[in-house]
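Take a look at the structure below.
Values quoted throughout were computed directly from the atomic coordinates according to the rules given, and no laboratory measurement underlies them. These figures come from a predicted structure and were not determined experimentally. Ideal geometry is used to build each Cβ from the backbone, glycine not excepted, and the neighbour counts take in all protein chains shown.
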Amino acid sequence: MKKIIKFIFKALVLIFSLLVILFALNEIEMEHAQKRNIFAYKPITYPIGKSDLSIYTNGKKLDEQLFKDISNAKKEVHIYFFSVSNDQISHEFLDVLKKKSDEGIPVYYAVDRLGGILLERKERKSLIDHGVHFTYFNKPQLSYFFASINHRNHRRMTIIDGEIGYIGGFNIGKKYIDEKKELKPWKDVQLRLEGSGVEGLEKQFVYDWRKNSDQKITPMVISKKIGKSQHQFVSYTKIGIEQEYSKLFKQAKHSITIYSPYFIPNNKVIWNTLIDAANSGIDVKILYSHKSDALLVEQAAIPYIKQAWKNNIKVYGFKKGIFHGKVLKIDDRVLMIGTTNFDSRSFHLTDELNCYIYDQKFIKQVEPELADVFNEAFEITPSYIKKLPFKDRVKEKIAKVFEFYL
């Protein structure tokens, strides 16, 4: 018995030592990569477009419309999600793509290399056998291995027939349609566009495809339909997002409302500009998912919540289930719906894409649906934080160590 305990102890020590060494190597490489701007690219700002817009906050309704739009495609389908699962709804999604390709419609489908880790080899082969053009985005590399592991393509892009587009927080999997008990209900925000304004979305998809695959792709012919709402796509990879957000915060006249699944604003420029806005009298509210699908992110938010109290910023925790939308509203002038979380990973590590909407009529139209999320949330107060159990305080300390990667 003593020998077994001794063996287990030695094994645990060895595993812990290896993890410490790997983390140290990761830190050294990441610091070097940051200094040399490895996997960092200037933002791409696409021309302002005009589309008819609508939003989806329910996964089942979104998938129903998305699958219908793909099934009705007459020319071409380009589609990218950060992740896809190995479950019934994921298989249905892949079957829709295969069926459309069987009809002779070109289908280009990509998924992030790590986000798509559950996509089985036989499914990939089946897609290709059915004529679907498939690739992974952001494959890990031997050169700057740790930096490449952390560099994920977090965008979501769907373009159908050069006229219909989608962007937002949803991925493909059962948890997004309320079929994962411990994570239901799942609330998210996805934007559907119809009109010539999808051009920026299409250009970004083609740009990412060409960067990641040798398979030739020709940009779709964009519809000439002019929609009602002005909007603009901007893509980011580490550079430019702090300037964009700080500019928006400085322009606010009355209110700033931020919706994000995670609240870890580990960027001094963004965070300090938001604090300055709140202290100048701007009504600043932040809603994040109090219950999370990711490790340590709940505890990583606590230090920032404490700073928020001291600077007139109100923070609310979504309590009904999971909130996963990425939304930013400045007064009633600008509404951003995209893929950027209000956290360190989106600010420093991942590829992101936002759609900035300038149509005040549309903003007012969707405001009640977005504001309703606050009815399913509670304000995080000092007394609530004081009552947190000891284990959460320990996790808070651990989260601080890994905050940059959360």
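Key figures
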{"item": "Which of V107, V334 has the fewest Cβ neighbours within 10 Å, and the rest in rising order", "result": "V334, V107"}
{"item": "Sequence of Y109, Y405, Y236 once ranked by neighbouring C-beta atoms within 10 Å, starting from the fewest", "result": "Y405, Y109, Y236"}
{"item": "Label selected from [x] 65, 60, 44; [y] 71, 49, 46; [z] 83, 65, 37, the criterion being Cα extents along the principal axes in Å as computed here", "result": "[x]"}
{"item": "At least 27 Å along the helix axis (C-alpha) and Kyte average at least -0.5, DSSP helices within the chain", "result": "2-35"}
{"item": "Cβ-derived FRET efficiency at R0 35 Å, Q65 paired with L25, nearest 0.05", "result": "0.15"}
{"item": "Fraction of alpha-carbon pairs over 15 Å apart in the stretch 52-150 - percent", "result": "65 percent"}
{"item": "Three-way shape label, the stretch 131-265, alpha-carbon gyration tensor, a/c 1.5", "result": "rounded"}
{"item": "Selected from Q190, Q215, Q232 as most flexible by GNM, with the chain as the system and alpha-carbon contacts under 10 Å", "result": "Q215"}
{"item": "Extension gain from D52 to K250, taking 0.36 nm per residue of separation minus the Cα-Cα distance", "result": "68.4 nm"}
{"item": "Exposure proxy order (Cβ contacts within 10 Å, fewest to most) of R155, R210, R113", "result": "R210, R113, R155"}
{"item": "Within a Gaussian network of the chain (alpha carbon springs, distance under 10 Å), most fluctuating of P382, P106, P47", "result": "P382"}
{"item": "The chain: most fluctuating residue of V373, V13, V189 per GNM, C-alpha cutoff 10 Å", "result": "V13"}
